[in-house]
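Engineer: Below is a structure I'd like to ask you about.
The values are calculated or read from the model by the stated rules, or taken from the named source; none is laboratory data. As the structure is a prediction and not an experimental result, all values here were calculated from the model. Counting neighbours? That spans all protein chains shown, and the Cβs are built from the backbone with ideal geometry, glycine included.
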Amino acid sequence: MTAILTKSSKQSRRSWSPTTPGRVCCDRRAVRVDFGVDTVGDLNGGVISFDVVPAFTDGDHYLIPDDVLARWIPTNR
């Protein structure tokens, strides 16, 4: 399952990287895209960021990746 999680994060990161070079990083369950900064570590107060979470429907909830647990976890939020 780790390969799937990593692949999902890498695919999401690649889709954002061409338009936001140096401003994309992977968090535990999401790919974070920072706007208004030159690099991910530049947190000067002028930051707008989005967390992009890969998700799949599974019945009445969603499955999202958890890189620490190395598996897909259910959520209804």
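Engineer: Restricted to region 22-38, and to residues that are of a type outside the set (A, V, I, L, M) and more than 9 Å from the chain's Cα centre (by Cα), which residue is modelled with the lowest pLDDT?
Structural biologist: Applying the filter and picking the extreme gives Asp38.
Engineer: Give region 51-67 a look and list any residue that's exposed (fewer than 13 other Cβ atoms within 10 Å of the Cβ) and modelled with pLDDT under 90, or say none.
Structural biologist: Once the filter is applied, which keeps residues that are exposed (fewer than 13 other Cβ atoms within 10 Å of the Cβ) and modelled with pLDDT under 90, region 51-67 yields only Asp51.
Engineer: Right, here's the next one. How many of the residues making up region 49-63 are of a type in the set (A, V, I, L, M), in a strand (DSSP E or B) and within 15 Å of Arg32 (Cα to Cα)?
Structural biologist: Here the count works out to 1.
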